[in-house]
Ligand SMILES: [Fe+2]
Ligand SMILES: [Fe+2]
């Protein structure tokens, strides 16, 4: 089952639009695959640093999220294969992922502040959420509806990642504020 052959145009679309949408989908699948792969590394680096800093917040969920990112990466390899391509073929959108991921890794290497480390995860997860949403729309437009259930499941994971990371940051900010107030009052 190749992405660029053998599918019907979705209602209201013509075949050249369908072909363009399928090329776009393949580009974005490649982008998502690389992003998920680099996010596994981000989680590893951040968890290692938080442990070294003896961070007191509950990061048990972050281990689970790291595993889910890895599962997404592996699933994307399968989708790309089902589309008649493979992960060794570079796609145009992957360059931006490389630059962005490198910037995240630079921040991680440069800071010992747990709030800044978590903020990197927040940025990555916001991107993750928006990008899975886009992928679902593209799959629909490309007539690749057999991917949609799996994409929606990944999207649910991403929503939980974002909620949890946001809450960790808020809890940390509140704790730091309380500590500052009690230091001023002492
Ligand atoms: Fe992800
Ligand atoms: Fe995520």
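Rule-based calculations on the coordinates, nothing more; no lab input. Here the structure is a predicted model, which means the values were calculated and not measured. Here the Cβ is made from the backbone with ideal geometry for all residues, glycine too, and neighbour counts use every protein chain on show.
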| said: Just to be sure I understand the model, the point goes 7 Å from the Cα along the line to the Cβ. What's the resulting residue 119 to residue 63 distance in nm? | reply: 2.8
| Taking the chain on its own, what percent of its Cα-Cα pair distances exceed 22 Å? | 51
| request: State, to one decimal in nm, how far the label point of residue 176 lies from the label point of residue 78, with both points 7 Å from Cα in the Cβ direction. | output: 4.1
| request: Please work out the FRET efficiency for the pair residue 185 and residue 52, using the Cβ-Cβ distance as r and a Förster radius of 35 Å; give the result to the nearest 0.05. | output: 0.65
| message | Cut-off is 10 Å between beta-carbons; in what order do 88, 140 appear when sorted fewest neighbours first? | response | 88, 140
| said: Between helix 114-141 and the chain, what is the angle of the helix's C-alpha long axis to the longest principal axis, kept within 0 to 90° and rounded to the nearest 10? | reply: 20
| note | From fewest to most C-beta neighbours within 10 Å, the residues 43, 70 line up as 70, 43
| query | Once label points are set 7 Å from the Cα along Cα→Cβ at both residue 45 and residue 17, what is their separation, rounded to one decimal in nm? | reply | 4.2
| Can you tell which of 38, 66, 90 shows the greatest fluctuation in a Gaussian network model of the chain with Cα springs below 10 Å? | 90
| task | Fewest Cβ neighbours within 10 Å first, please rank 40, 97 accordingly. | result | 40, 97
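Report the FRET efficiency, 1/(1 + (r/R0)^6), for residue 167 and residue 137, where r is their Cβ-Cβ distance and R0 is 22 Å, rounded to 0.05.
After rounding to 0.05, the efficiency reads 0.20.
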